[in-house]
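Asks: Let me begin by handing over the structure; questions about it come next.
The values are calculated or read from the model by the stated rules, or taken from the named source; none is laboratory data. Note that the coordinates shown come from a computational prediction; the quantities given were computed from them, not determined experimentally. A quick note on method: Cβ atoms are made from the backbone with ideal geometry, for glycine too, and the neighbour counts reach across all protein chains shown.
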Amino acid sequence: MVFAGLILSFSVYAYSVFYGTPWGKQQHEKNMKTYITEKYQTEFVLTKVVYNFLSETYQGFAYPKEHSNLLFIIEEDIDSPPGYSDNYPKVMWDSELAINLKAQIKELFPNLDVGMFKALQIKDKGEFFGPNIPTYNETNISILSTSIPIDIKENWTHVNQENEIQKMKKLSQFLQKSNFPVLMEVRYYQNEMNERAKVFFITQKGDIIEK
């Protein structure tokens, strides 16, 4: 009996290491539904929750109720205040639903570099900015967050700075009204992007941070 109990206990432990626990999945499913609904103010369908034993985190898969083709990932994230991050902004940005968003941004910043106007998760930006991506760490941005750059090939000292700041404020307000909280980067540089570029972050909460 004792031996059988030990085998059962070990089996349960081994299962939880690789697959998580039923109660863990149930709790995270509830938390994830609340997280994405409150963040984007829309209705989602959470298809499943799984346990990633490599990262020791729970991950969920969901899509907007009216758009089942826009499947995205929700992940546990200790660096994010809500405890989760997701790649919905990137998935949505790459779809036809973002046409109006892109048009509004291009109207505000007609001189942006269209070739660089792409959504990318911060962890993927490590390929371009190095493994530590210090600029993002300094602003307490999770590596799981998605950012979208607005690159302006103009020297910051040569532009109407007050006018550009007003554009950023309008963009911040527009993103909040559209329920699309995403990290935007407005970058000014004359030639190639380098450490001398003037960078502004528009955070998911709408704050404008000058770097």
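Asks: Scan (1) surrounded by 13 or more Cβ atoms within 10 Å (Cβ to Cβ); (2) modelled with pLDDT of 95 or more; (3) in the same structural domain as Asn179 (by TED's automatic domain parsing); (4) not in a strand (DSSP E or B) for the single condition Pro110 breaks and write down its number.
Replies: All conditions pass for Pro110, except number (1).
Asks: Against the condition part of a helix (DSSP H, G or I), β-branched (Val, Ile, Thr) and more than 15 Å from the chain's Cα centre (by Cα), how does Ile105 come out, does it pass? Before the answer, list the steps.
Replies: Numbers: part of a helix (DSSP H, G or I): yes; β-branched (Val, Ile, Thr): yes; more than 15 Å from the chain's Cα centre (by Cα): yes.
Judged against the criteria, Ile105 is a match.
Asks: What are the residues in segment 30-55 that are within 19 Å of Ser68 (Cβ to Cβ), in contact with a strand residue (DSSP E or B) (Cβ under 6 Å, 6 or more places away or on another chain) and crowded, with 16+ Cβ neighbours inside 10 Å, if any?
Replies: Met32, Lys33, Ile36, Phe44, Leu46, Val49
Asks: Any idea which of Thr157, Thr135 is surrounded by fewer than 19 Cβ atoms within 10 Å (Cβ to Cβ), at pLDDT 85 or above and among the hydroxyl-bearing types (Ser, Thr, Tyr)? Can you show your working first?
Replies: Working: Thr135 fails: at pLDDT 85 or above.
So the residue among Thr157, Thr135 that is surrounded by fewer than 19 Cβ atoms within 10 Å (Cβ to Cβ), at pLDDT 85 or above and among the hydroxyl-bearing types (Ser, Thr, Tyr) is Thr157.
Asks: Then there is this: For segment 1-44, enumerate the residues that are among the β-branched types (Val, Ile, Thr) and either part of a helix (DSSP H, G or I) or at pLDDT below 85 (or both). Walk me through how you get there before you give the answer.
Replies: From segment 1-44, those among the β-branched types (Val, Ile, Thr) are 2, 7, 12, 17, 21, 34, 36-37, 42; that's our starting set.
The answer is Val2, Ile7, Val12, Val17, Thr21, Thr34, Ile36, Thr37.
Asks: How many residues are part of a helix (DSSP H, G or I) and either hydrophobic (A, V, I, L, M, F, W, C) or over 18 Å from Lys33 (Cα atoms) (or both) when one looks only at segment 79-102?
Replies: At the first step, the residues of segment 79-102 found to be part of a helix (DSSP H, G or I) are 88-93, 96-102.
Filter again for either hydrophobic (A, V, I, L, M, F, W, C) or over 18 Å from Lys33 (Cα atoms) (or both), leaving 90-93, 96-102.
So the answer is 11.
Asks: Exactly one of these conditions fails for Lys205: (1) in contact (Cβ under 8 Å) with a residue 40 or more places away in the chain; (2) under 17 Å from the mean Cα position of the chain (by Cα). Give me its number.
Replies: All conditions pass for Lys205, except number (1).
Asks: Here's a follow-up. Go over the candidates Phe180, Phe174, Phe201 one by one and state the one that is part of a loop (DSSP other than H, G, I, E, B) and surrounded by 14 or more Cβ atoms within 10 Å (Cβ to Cβ).
Replies: The match here is Phe180.
Asks: Separate question: Just to be sure I understand, how many residues within segment 76-89 are more than 18 Å from Phe180 (Cβ to Cβ) and either crowded, with 19+ Cβ neighbours inside 10 Å or over 17 Å from the mean Cα position of the chain (by Cα) (or both)? Give the steps one after another, and end with the answer.
Replies: Taking segment 76-89 first, the residues more than 18 Å from Phe180 (Cβ to Cβ) are 76-79, 81, 83.
If we keep only those that are either crowded, with 19+ Cβ neighbours inside 10 Å or over 17 Å from the mean Cα position of the chain (by Cα) (or both) as well, we get 76.
Selection size over segment 76-89: 1.
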